[in-house]
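Trainee: Handing you this structure, nothing more for now.
None of the figures in this text is laboratory data; all of them are computed from the coordinates on show. This structure is a prediction, so every number in the text was calculated from the model and none was measured. Cβ coordinates were reconstructed from backbone atoms using ideal geometry, including for glycine residues, and neighbour counts include every protein chain displayed.
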Amino acid sequence: MSKKLVVYFSHKEENYSKGKIVNLEKGNTEIAAEIISTITSADIFEIEADEKYPIKYDDCIEIAKKELRENSRPKLKDDIDIKEYDTIFVGYPNWWGTMPMPVWTFLEEKDFTNKKVLPFCTHEGSGLGKSESDIKKMTGGAEVLKGLAINGSEVNNSEKQIKKWLEDSLK
C-alpha cells in the first residue's frame, strides 16, 4: 500500500474572490488539502514561508509579485522528509499563472525520484496556468499526473470534483 502526503501552501485572511476582497478564516487551498487528506487518509503538511505574508491583500500581492519577478526562494518555516512517501499531492493558489514562490522552494529542496506527484490549485479563473509544466521541470524523476484546478470561491462545494479527480488519477 502506498504512503500518501498532501503538502500545500495557502493564504487566508484577505483574498480575492468573485471580483472583490473577502476575509477568509481558512485559505481555499487549505480547505482543498484537508478534503484530499481525508479522502485518501494522507498525512498533511503546510508549506509556510519563514516570513509571513501580510494580511492585507494588496500588500500580500505586492510582495508575491516581487518574489516572482526576482525569482526568489523564500526560506521556509518548517520542513518534512518526503522519503517515506510515494504519492505526494502538491497544493497551492495560482498566483500569476504559477505557484507561490515558497512552493518553488519546497519542490527544489526535495528528491521526487520514483514518486507520483499530483498538483492541485485554487484559482479565480486562471486554472492551473503553467504550474503543471513548472512542477514537471522541478521534480525530475517523478511521475507528474494531471492536476486539478478548483475555483477558490467554490472550494467548499468541491468534494465531488476532488473525489472524481482522485478516482481518475489513482486507478
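Trainee: Any idea what the relative contact order of segment 1-96 is, in percent, if you count C-alpha pairs under 8 Å spaced at least 6 apart?
Mentor: On the way: 144 pairs, mean separation 40.1, N = 96.
Over segment 1-96, the number comes to 42 percent.
Trainee: Give me the number: length gained by fully extending Asp168 to Val22, i.e. 0.36 nm times residue separation minus the C-alpha to C-alpha distance, one decimal in nm. Before the final figure, lay out each step's value.
Mentor: Details: separation 146, 0.36 × 146 = 52.56 nm, distance 3.29 nm.
So the extension gain works out to 49.3 nm.
Trainee: Simple spin-label model, 7 Å along Cα-to-Cβ: Lys3 to Lys146 in nm?
Mentor: About 3.0 nm, to one decimal.
Trainee: For Glu124 and Asn156 in the same chain, what is the full-extension length gain: residue separation times 0.36 nm, less their Cα-Cα distance, in nm? Working shown, then result.
Mentor: Working: separation 32, 0.36 × 32 = 11.52 nm, distance 1.39 nm.
In short, 10.1 nm is gained.
Trainee: In a GNM of the chain with a 10 Å cut-off on Cα contacts, which of Glu143, Glu84, Glu13 has the highest mean-square fluctuation?
Mentor: Highest fluctuation of the listed residues: Glu84.
Trainee: Please compute the net charge surrounding Glu143, taking Lys and Arg as +1 and Asp and Glu as -1 over other residues with Cβ under 9 Å from its Cβ. Mind dumping the intermediate values first?
Mentor: Values: positive: Lys115, Lys116; negative: none.
Every neighbour counted, the sum reads +2.
Trainee: OK, next. Points 7 angstrom from Cα along the Cβ direction at Asn114 and Glu13: gap in nanometres?
Mentor: Going by the 7 Å Cα→Cβ label model, 4.3 nm.
Trainee: I've got another one for you. Just need the relative contact order of the chain here, percent rounded to a whole number, with Cα pairs under 8 Å and 6+ apart. Mind dumping the intermediate values first?
Mentor: Numbers: 330 pairs, mean separation 39.5, N = 171.
Across the chain, relative contact order equals 23 percent.
Trainee: Mind giving me the nanometre distance, one decimal, between the label points for Lys56 and Glu84, set 7 Å out from Cα along Cα→Cβ?
Mentor: Calculated label separation equals 4.4 nm.
Trainee: Would you indicate which of [x] 10, 37, 31, 14, 5, 2, 1, 0; [y] 10, 42, 37, 10, 0; [z] 11, 34, 34, 17, 5, 0 is the value of P(r) over Cα pairs in 10 Å bins from 0, in percent derived from the coordinates of this structure?
Mentor: Of the labelled values, this structure produces [y].
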